[in-house]
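Participant: Mind looking over this structure? Questions follow.
Derivation of every value follows stated rules applied to the coordinates shown; laboratory data play no part. From a predicted model like this one, the values you see are computed outputs, not experimental measurements. As a convention, Cβ positions derive from the backbone with ideal geometry for all residues, glycine included, and neighbour counts pool all protein chains shown.
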């Protein structure tokens, strides 16, 4: 419901003070173009994100017609775009080494924060916003686990983290505690306003910065950390169910976005099982 409301609020900002019964199909089209271009943060939206917005707009205006608030539906001709979901390019182990080497060469608190955040993505497979929502109290480093109070698929759960990530987080917490303004924030990764977490836009910009410094391939995105985590874990375990659970998927089919169950692998498993 919160996501639904936010999308309508963005539409309202673009339409302005125009009365709802005066909204036309042309009005909606112009607003959707601006949203696709990236309004309000000038970060272009994907086809899948735009389809979500179109669905919200269609549902809202269908409701306004059904309840008699408007005589006609200006969103009646809106159609969802065909979206080809290309595989997310995974970040490789070598690229991770280049990235973290570049970050460690800079002696600053922001570099220590970025190292901890990107390590979180790389070594836990967590979704971008799940990491940003984390609070200090969610960490249980002694047990090497993290509590996610609200995830995409559950109301809350503990997930394990490896020793490597535990050490990086412990070092970051020492630097964080030494900064008075950060130490007062409940969030693990505070934003410019310390009462709020770091924004998705700020994380995107920091990753773009470090990609250039480390000379990484431009097509890598923040989601590449999650794809790299899945690839690496599957390569070691050959267990798609385990990888899916580690990533917090609701459906096993979701793992197909990240790993490829090749015919040779399936044939090899069948030979071992049945001779």
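Participant: How high is the FRET efficiency between residue 8 and residue 219 when r is their beta carbon distance and R₀ equals 41 Å, given to the nearest 0.05?
Facilitator: 0.80
Participant: Order 162-169, 102-109 from most to least packed using the mean count of other Cβ atoms within 10 Å.
Facilitator: Final packing ranking: 162-169, 102-109.
Participant: Still on this structure, I have one more. Taking R0 as 22 Å, what's the FRET efficiency between residue 163 and residue 135 from their Cβ-Cβ distance, rounded to 0.05?
Facilitator: 0.50
Participant: Rounded to two decimals, what ratio of Rg to Rh does region 93-257 give with C-alpha atoms and a Kirkwood Rh?
Facilitator: We get a ratio of 0.94 for region 93-257.
Participant: For residue 18 and residue 179, FRET efficiency with R0 = 45 Å and r from the beta-carbon atoms, rounded to 0.05?
Facilitator: Taking R0 as 45 Å, the efficiency between residue 179 and residue 18 is 0.45.
Participant: Rounded to the nearest 500, what is the chain's calculated 222 nm mean residue ellipticity when only DSSP H runs of at least 4 contribute -39500 (n - 2.57) each, over all residues? Please list the in-between numbers first.
Facilitator: Details: 12 runs with 148 residues, N = 275.
It comes out at -17000 deg cm²/dmol, rounded to the nearest 500.
Participant: Most exposed first by the Cβ proxy, i.e. fewest other Cβ within 10 Å, how do 65, 146 rank?
Facilitator: 65, 146
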